[in-house]
Amino acid sequence: MEKTIVARTGNEAMAEAMRQINPDVCAAYPITPATEIMQIFSSFVNDGLVKTNLITVESEHSAISACMGSAASGARTMTATSSQGLALMHEILYIASALRLPIVLAEVNRALSGPINIHCDHSDTMGERDAGWIQIYAENSQEAYDLLINAVRIAEHRDVSLPIMVSTDGFIISHEMERLEMYPDSEIQKFIGEYKPNYNLLNIDNPITVGSLVLTDYYLEHKRVQHEAMKNAMKVIPEIFAEFKKVFGRQYDFVENYKCDDADYILICLGSTAGTSKVAVEELRQEGIKAGLLKIRVFRPFPAEEIVKYISKAKAIAILDRSESLSTQAGPVATEVKAALYDAGKIIPMQSYVYGLGGREIYVDQIKDVYRKLKNTKISEQVKYLGVKE
Amino acid sequence: MTKKPDIKTWKDLNVGGIIESGTSEHFKTGDWRVKVPVWQSQNCIQCMTCWAFCPDNAIKVTDEGKRGNYDYNFCKGCGICAEECPVSKKVINEIKKAAPNANITSWDAETNQTFKEKASILMVSIKDAKEKYNIK
Ligand code: SF4
Ligand code: SF4
């Protein structure tokens with residue numbers, strides 16, 4: 001297949017994916033801290049490059065509500081947001097997943113206030129990790145582009161039917177220009193196919209009630225169904241990724257295993273820090289330290305078994321969380337990896353870190369230092385702050 | 001031997017929890033009221049404003065397309081119909097013109113005789129509804 005090589009920022013890459021997906025409806029309220037994804041996409045709408053009905057609303061709460069109405073009416077629906085915008089959607093995110101509406105959200109990870117900050121960290125999406133949405137974290141523009149295309153298929157799969165957010169790191173990816181391989185519009189359309197909704201609120205021949213009141217008698221059962229849909233996503237995601245590889249040639253998985261197989265020391269992180277860590281791994285290996293990196297790409301559903309598979313032979317593990325749960329314990333990634341190891345009956349020395357909040361830079365040397373400390377110093381059960389001024 | 005009761009399990013639920021339409025008909029909500037609207041058809045100009053504004057579906061339309069009576073099984077007594085009724089509004093304005101200091105609202109059915117006579121929608125207490133207007 002013919003691929004076009006272009007230079008695009010992360011925002012542009014996601015907007016291009018949206019153009020090629022050509023959703024029926026986008027509802028958005030892209031005020032700061034949203035990025036320019038919607039602004040770029042709105043110019044595609046203006047130029048007639050898509051047939052999307054772009055609905056501009058008065059808040060992010062309304063944006064996701066409009067998306068829900070649209071998806072419930074059988075339209076392929078997308079939106080984009082960041083940070084406070086996602087937080088303002090919070091209430092409705094849970095309803096969208098309960099109604100099993102396959103909305104696709106292009107997210108750019110930016111810190112939540114306060115203090116006021118618009119730079120990269122994962123506190124926005126981590127705040128929504130229990131909202132019943134599938135969550136995929138992209139390392140770079142190419143992943144953001146590819147995964148957004150995969151996201152449509154995953155979300156709309158009959159056994160899944162769940163909303164999905166694909167995120168990239170604010171500024172680091174969203175505003176940086178990178179090399180992007182784009183596929184032809186027609187191939188994307190062929191890959192995503194036609195959207196066949198589960199139900200249609202506007203079908204007057206078959207009137208239905210959407211969002212009815214469920215009290216103590218069946219609420220538990222409804223959640224059990226969502227649990228099952230997430231479990232189904234565990235099965236469906238690799239199938240869609242495999243199909244994507246067949247057509248477009250790029251391999252994706254729940255996690256990316258970068259030299260973990262023979263590694264003594266493994267670092268786990270999400271997003272763009274994985275790119276930085278790969279350089280650290282290479283340099284350490286030249287010094288004779290067997291370093292490995294495990295990047296978690298799909299965080300919801302949480303690929304516990306996959307993760308354990310790659311890290312269980314390590315001598316020690318470091319986990320980098322780009323968000324704080326302020327529980328005095330580790331951040332969400334470390335906590336869940338620990339739980340996965342416990343279930344697998346494994347105890348591996350593990351150092352958890354909080355790093356990069358509010359866009360604080362992370363350098364190769366710092367990551368190398370993390371590996372060296374795994375090797376040379378005693379592991380602390382306390383979570384450590386990486387790069388904090390003290 | 002007791003037969004297992006025929007209960008829907010989580011596996012039997014429709015995707016997204018959707019159900020058939022019109023189920024609110026089985027769930028009477030009129031007893032939430034603390035005030036009751038009373039329609040005075042002789043004063044009504046058939047503008048249908050009340051019908052358009054009722055947030056429930058508690059104002060019936062007759063087969064001839066006219067304003068029908070209330071469906072008290074579903075009316076929540078919010079009073080929006082009375083607030084929006086142009087006839088009631090006109091009466092309030094008339095009263096205020098005659099007595100500029102009169103503090104009158106569409107909830108004043110029992111305290112203002114003019115309003116009671118001329119308004120198209122009165123809001124009354126549950127007790128008055130039962131005793132004076134024969135609404136149960
Ligand atoms: S009181 Fe409220 S609910 Fe009842 S009929 Fe009037 S507008 Fe409808
Ligand atoms: S009751 Fe009032 S608002 Fe309703 S139709 Fe009659 S005049 Fe119009």
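The values are calculated or read from the model by the stated rules, or taken from the named source; none is laboratory data. Computed from a prediction, not measured in an experiment: that's the story for all the values here. No Cβ is skipped: glycine too gets one built from the backbone with ideal geometry, and neighbour counts run over all protein chains shown.
Conditions (1) of a type in the set (Val, Ile, Thr); (2) over 17 Å from A:TYR145 (Cα atoms); (3) over 18 Å from the mean Cα position of the chain (by Cα), marked per residue:
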| residue | (1), (2), (3) |
| --- | --- |
| A:PRO238 | no, yes, no |
| A:PHE241 | no, no, no |
| A:ASP253 | no, no, no |
| A:LYS259 | no, yes, yes |
| A:LEU270 | no, no, no |
| A:GLN286 | no, yes, yes |
| A:ILE307 | yes, yes, no |
| A:SER312 | no, yes, yes |
| A:ILE319 | yes, yes, no |
State the number of residues belonging to region A:213-242 that are among the polar types (S, T, N, Q), exposed (fewer than 14 other Cβ atoms within 10 Å of the Cβ) and within 14 Å of chain B (Cβ to nearest Cβ). 0
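If you check A:ASP124, A:ASP130, which single one turns out to be surrounded by 24 or more Cβ atoms within 10 Å (Cβ to Cβ), of a type outside the set (Val, Ile, Thr) and away from chain B (no Cβ under 14 Å)?
One residue alone meets the criteria, A:ASP124.
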When the residues of region B:112-136 are filtered to those that are away from ligand 1 (no atom under 16 Å from the Cβ) and polar (S, T, N, Q), which remaining residue is surrounded by the fewest Cβ atoms within 10 Å (Cβ to Cβ)? B:ASN134
Is it the case that A:VAL166 is surrounded by fewer than 19 Cβ atoms within 10 Å (Cβ to Cβ) and either of a type in the set (Val, Ile, Thr) or away from chain B (no Cβ under 14 Å) (or both)? no
Looking only at residues in region B:18-52 that are surrounded by 15 or more Cβ atoms within 10 Å (Cβ to Cβ) and touching an Asp or Glu at 6+ places or on another chain (Cβ under 9 Å), which one is farthest from the other protein chains (Cβ to nearest Cβ)? B:ASN43
Condition first: more than 8 Å from ligand 1 (Cβ to nearest atom) and hydroxyl-bearing (Ser, Thr, Tyr). Now tell me which residues in region B:68-86 satisfy that. B:TYR72
Kindly provide the set of residues from region B:1-17 that are in a loop (DSSP other than H, G, I, E, B) and either within 12 Å of another protein chain (Cβ to nearest Cβ) or touching an Asp or Glu at 6+ places or on another chain (Cβ under 6 Å) (or both), ordered by number. B:ILE7, B:LYS8, B:THR9, B:LEU13, B:ASN14
Test A:VAL255 against the criterion of being more than 12 Å from chain B (Cβ to nearest Cβ), within 30 Å of A:ALA316 (Cβ to Cβ) and modelled with pLDDT of 95 or more, and give yes or no. yes
Which of the residues that make up region A:95-121 are within 14 Å of chain B (Cβ to nearest Cβ) and on the phi < 0 side of the Ramachandran plot? A:ILE95, A:ALA96, A:SER97, A:ALA98, A:LEU99, A:LEU101, A:PRO102, A:ILE103
Looking only at region B:25-40, which residues are in contact (Cβ under 8 Å) with a residue 40 or more places away in the chain and not in a loop (DSSP other than H, G, I, E, B)? B:GLY30, B:TRP32, B:LYS35, B:VAL36, B:PRO37, B:VAL38, B:TRP39
Unmet criterion (only one of (1) within 16 Å of ligand 2 (Cβ to nearest atom); (2) under 27 Å from B:ASP31 (Cα atoms)) for B:GLU110: (1)
Give region B:59-75 a look and list any residue that's more than 12 Å from ligand 2 (Cβ to nearest atom) and within 18 Å of B:GLY22 (Cα to Cα), or say none. B:ASP71, B:TYR72, B:ASN73, B:PHE74, B:CYS75
Give me the pairs, please: first residue somewhere in region A:148-161 and over 13 Å from A:ALA242 (Cβ atoms), second residue anywhere and in a helix (DSSP H, G or I) and among the polar types (S, T, N, Q), beta-carbon distance under 7 Å, and either six or more positions apart or on two chains. A:ASP159/A:ASN232; A:VAL160/A:ASN232
